[in-house]
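Computed from the coordinates by the stated procedures, all read-outs in this text should not be read as laboratory data. This structure is a prediction, so every number in the text was calculated from the model and none was measured. Please note: Cβ atoms are built from the backbone with ideal geometry, for glycine as well, and neighbour counts cover all protein chains shown.
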Amino acid sequence: MASGSTDPAVFQEFRDALGTRDPKTIATYLTTMRDFVAWLAAQPGGVPFHLELVTETAVRGYMDSLQSVGRAPRTRSKALSALRRFCRWAVDEGHLRRNPARLMERPTVVALAPTELSEKQRFVLKQLVEQHTTRRFEAIFALGYWAGLRISEIAALRVDQCHINQRAGSITLIDAKGGKTRTLDLHNMSRRALYDYLSPSAHKTENGMRKVSTFSRASALPGCANRDDPIIFPSEALSISGCKRSSRERRKNGNASQT
């Protein structure tokens, strides 16, 4: 069953009952139900479709067919979720006496551990960062790459959580994974990048050496001077594309000022 125009009327009722759920979730549910109906049509007595055909035998047969054609456990698990949701709705509406998918065992989905970047991938990543970086993005990248922070932790990081100077630094993550608070000693690369970003008074002396004075918390962040303990990386998207745009805009403004 290829499209919604040929769906059984009960499918439209089911879709309406899903209300404002994520459109992708609704599409997944309906795609699974159409596939289930198409599979039923190839079984003895499987056409025309009616809800009495939705039995435990039919659901189990459909799930077995997915496995026999090599569908991944995650795909089969999603299909079972869709069938369970449809059948639960049908029971609530009085179309079915019981949920034939409720007691079916869910396929085991093996969670894959994150894989480490290869040397070539690390090279490409660092090249992109150096080619398109700003102090802001360099600090964001360093906190993720060298300190291992999640993007949500970086986005929520506040100035009062940072204890940093020119030689050492640590950050305290509030309500981190598992609701825990933890303090991290910063790797020199992440400490330096964060310190440079938070130190607007940094400048080069005549011999080219960088001289950085201790930063003032709120005044260190543009637009945040009147806020208490401001977010370190406010408003801008944490993305390479955003940094590329910023770099282009600075070059454009610099060229314009010279003309």
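Values for this structure:
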item	result
Whole-number percent relative contact order across the range 4-92, with pairs defined as alpha carbons under 8 Å at least 6 apart	32
For the range 17-126, Kirkwood radius (reciprocal of mean inverse C-alpha pair distance, Å)	16.0
Segments 107-114, 23-30, 121-128 sorted - mean Cβ within 10 Å per residue, highest first	23-30, 121-128, 107-114
Residues in the range 132-174 reached by a label modelled at residue 183 [backbone nitrogen below 11 Å; 7 Å Cα→Cβ]	163, 170-173
Coil-residue GluC sites (Glu not before Pro) of the range 71-127, DSSP, other Cβ within 10 Å capped at 16	93, 105, 116
Coarse-grained scattering of the range 109-150 at q = 0.17, 0.23, 0.25 Å⁻¹, given as base-10 log I(q)/I(0) from a Debye sum over alpha-carbon atoms	-0.56, -0.85, -0.94
Pairwise FRET efficiency - residue 163 versus residue 31, Cβ, R0 = 41 Å, nearest 0.05	0.20
